[in-house]
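Colleague: Handing you this structure, nothing more for now.
The values are calculated or read from the model by the stated rules, or taken from the named source; none is laboratory data. As the structure is a computational prediction, the values presented were derived from the model and not from experiment. Neighbour counts are summed over all protein chains in view; Cβ atoms, including those assigned to glycine, are modelled from backbone coordinates with ideal geometry. Just so you know, the surface numbers come from the protein's heavy atoms only, side chains and all, with ligands and any DNA or RNA stripped out. Shrake-Rupley method; radii C 1.70, N 1.55, O 1.52, S 1.80 Å.
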Amino acid sequence: MTKEIRLNAFLMNCVGHLAPGQWTNPEDTSSDYLNAQYWVDLAELLERGLFDTLFLGDVTGVYDVDGGTAENALTNAAQTPMNDPFPLISLMAHATRHLGFGVTASVAYDPPYLLARRFTTLDHLTKGRVAWNIVTSYLESGARSLGQENLLGHDERYDRADEYLDLCYRFWEDSWDDGAVSRDAQAGKYVDPAGIHAVNHEGRYFRSHGIFQCEPSPQRTPLIFQAGGSQRGGQFAARHAECVFVGAPTREGVRRSVAQLQDQLHAAGRKRDDVRIFAMFTVIVEETAALARQRHQEYLARANLDGARALLSGWTGIDLSRYSLDDELVYVDTNAGQSALASFSKLDPSRTWTLRDALEFVALGGRGPVVVGDAREVADELQGWVNDTGIDGFNLAYIEMPRTFRNIVDYLVPELQRRGAYKRQYADGVLREKLLSAGPYRTTVSP
Ligand SMILES: Cc1cc2nc3c(=O)[nH]c(=O)nc-3n(C[C@H](O)[C@H](O)[C@H](O)COP(=O)(O)O)c2cc1C
């Protein structure tokens, strides 16, 4: 049977996101990210294309690993400057009915109570269309700006994140009984206090005593996404995630990431196909293959390798300005994101990468592959990846705004629909019901 492919759009609240240099194209509108209308137009476009979510990445801090300064990132707009993703969701939810919103929030800085409250608020305002992409942060600059000496150790960040999540689940799921909000005007009773329970938590990293102050939202716990493919990151995903976001440049790399995660799910007592897996990807599709290839060449000519180096240095925690472009990338453990370097070194042993190869790759679409062609070629390619790797869909980055997404909606989506590989309408229900064919509430079991 033809597998239905899921699509999310992958952006950050910044210029260019995963395409440093492309903002210099007069037709690219990504530097309009400061305008509300830019986001509303995008959300409406994605809903027209039946995208599952608009998925917003986020980082705390600036990319200052390259050369030990933020100069490169600032000059080339390498995810710097960057605004907060949360307020965008209220705007876009108001303009749409079905589109989901994935939002990345780090557990490194906000206390669990405040972040849990923010998600509950958004889940209400979106009527249950919010997902949380949980990350543990990788930029030391963020830690310093928030008054910390440095980031916790890589694996300890995940230990702390486990406790963070367990506490959030208690706020969302244990503090308010179903039916406690009676809104009984005749009796003059909005909430029945008997249905509200204090959360008492004394843990290694967090303490909290008291009732959660928000009434339960449609999903209670937002749909849980996770991105972070190290061994420890995979264990964390196996415990919490309902959807996982992987990023690797080759088919073999993605296949291995999926297989590793499935083994970890099995080890955690879950079914191997218990999570929906999305791969980072970029699509350049045009009405004709020739035009798509021409567009690709124009994008390559504008790609900014310095900006790409600022990004890759930040992701890996290694100052890549100290290496020559012909040096081969070799895996070492670092305290930043470990899977970023692994995906250009040990993940796929059949391929070696020089620094130049990796920068040219990252400059168009980050850690995900780029597929170029007319709708038929691109659909073949996407279906091939889904069949060979076990993923469920793609988190699609853009190169040019809004052309990348407009062309996907106008050319690729109808082709996938003709093949029976893409929905023709949204399913009913909250985001979890739409994406997982499950009930409205969290599908992973509390420990
Ligand atoms: C595909 C992908 C996307 C990611 N997106 C973000 C992001 O938007 N913000 C962020 O802080 N970390 C992001 N990360 C990093 C990780 O989630 C994680 O917090 C950390 O850096 C450690 O990752 P690791 O388990 O791969 O070593 C991403 C990782 C992957 C694999």
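Colleague: Please name whichever of I318, H296, A267 sits farthest to the positive end of the charge dipole of segment 262-386, dipole taken about the Cα centre and charges placed at Cβ: Lys and Arg +1, Asp and Glu -1.
Modeller: Working it through, the farthest residue towards the positive pole turns out to be A267.
Colleague: Additional query: For segment 29-124, what is Rg from Cα atoms divided by 2.2 N^0.38 Å, rounded to two decimals?
Modeller: Relative to the rule-of-thumb radius for its length, segment 29-124 sits at 1.23.
Colleague: Size of the dipole of segment 1-132 about the Cα centre, Lys and Arg at +1 and Asp and Glu at -1 on the beta carbon, nothing else charged, in debye to 20?
Modeller: The calculated dipole for segment 1-132 is roughly 640 debye.
Colleague: Related question: Tell me, what HN-Hα J-couplings in whole Hz come from the Karplus equation 6.51 cos²θ - 1.76 cosθ + 1.60 at θ = phi - 60° for each residue of segment 97-110, using x for Gly and Pro?
Modeller: Coupling constants for segment 97-110: 10, 10, 4, x, 10, x, 10, 7, 9, 7, 8, 6, 10, 5 Hz.
Colleague: Quick one: putting +1 on the C-beta of Lys and Arg, -1 on the C-beta of Asp and Glu, what dipole do you get for segment 255-322 around its Cα centre, in Debye to the nearest 20?
Modeller: 240 debye
Colleague: Taking every pair of alpha-carbon atoms in the chain, what share in percent sits in each 10 Å bin, from 0 to the bin with the longest distance?
Modeller: Here the calculated profile for the chain is 4, 21, 33, 27, 11, 3, 1, 0.
Colleague: Straight-line reach from K3: which lysines have a Cα under 24 Å away, not including same-chain ones fewer than 8 places off?
Modeller: Within the straight-line cut-off, K3 pairs with K271, K423, K434.
Colleague: Got the relative contact order for the chain handy, in percent, Cα pairs under 8 Å and 6 or more residues apart?
Modeller: That works out to 23 percent.
Colleague: Same structure, new question: With +1 assigned to the C-beta of every Lys and Arg and -1 to the C-beta of every Asp and Glu, and no other charges, what is the dipole magnitude of the chain about the Cα centre in debye, to the nearest 20? Intermediate results must be reported in sequence, preceding the final value.
Modeller: Numbers: 45 positive and 59 negative charges, 190 e Å.
The calculation lands at about 920 debye.
Colleague: So what are the radius of gyration and Dmax for the Cα set of segment 190-319, in Å?
Modeller: Using the Cα atoms of segment 190-319, the pair Rg, Dmax is 21.9, 67 Å.
Colleague: State in Å² the accessible area per residue of the chain; use a 1.4 Å probe, count heavy atoms of protein chains only, and round to the nearest integer.
Modeller: Computed with neighbouring chains in place, this is 40 Å² per residue.
Colleague: Rank V430, F236, P369 by how far each Cα sits towards the positive end of the charge dipole of the chain (+1 on Lys, Arg Cβ; -1 on Asp, Glu Cβ) and give me just the farthest.
Modeller: V430
Colleague: Hey, what number do you get for the chain at 222 nm if only DSSP H runs of n ≥ 4 count, each worth -39500 (n - 2.57), divided across all residues, to the nearest 500?
Modeller: -11000 deg cm²/dmol
Colleague: Another question, then. What share of the DSSP beta bridges in the chain is antiparallel, in percent to the nearest 5?
Modeller: Working: 9 of 47 bridges.
Within the chain, antiparallel bridges account for around 20 percent of the total.
Colleague: Quote the accessible area belonging to R48 in square angstrom, nearest 10, computed with a 1.4 Å probe and with ligands, DNA and RNA left uncounted.
Modeller: Surface open to solvent at R48 totals about 140 Å².
Colleague: Mind ranking 33-42, 356-365, 137-146, 418-427 by how tightly packed they are, going by the mean number of other C-beta atoms within 10 angstrom, highest first?
Modeller: Ranking the peptides 33-42, 356-365, 137-146, 418-427 by packing returns 356-365, 137-146, 33-42, 418-427.
Colleague: Moving on. Take each of the peptides 251-262, 233-244, average the number of other beta-carbon atoms within 10 Å over its residues, and list them starting from the highest.
Modeller: Answer by packing, highest mean first, reads 233-244, 251-262.
Colleague: While we're looking at this one, here's another question. Expressed as a whole number of Å, what is the distance separating the alpha-carbon centroids of segment 401-423 and segment 177-243?
Modeller: Centre-to-centre (Cα) distance: 37 Å.
Colleague: For segment 312-447, what Kirkwood radius comes out of the mean inverse Cα-Cα distance, in Å?
Modeller: 18.1 Å
Colleague: Please determine, in degrees from 0 to 90 and to the nearest 10, the orientation of helix 251-267 with respect to the longest principal axis defined by the Cα atoms of the chain, where the helix direction is its Cα long axis.
Modeller: Between the helix axis and the principal axis of the chain, the angle is about 20 degrees.
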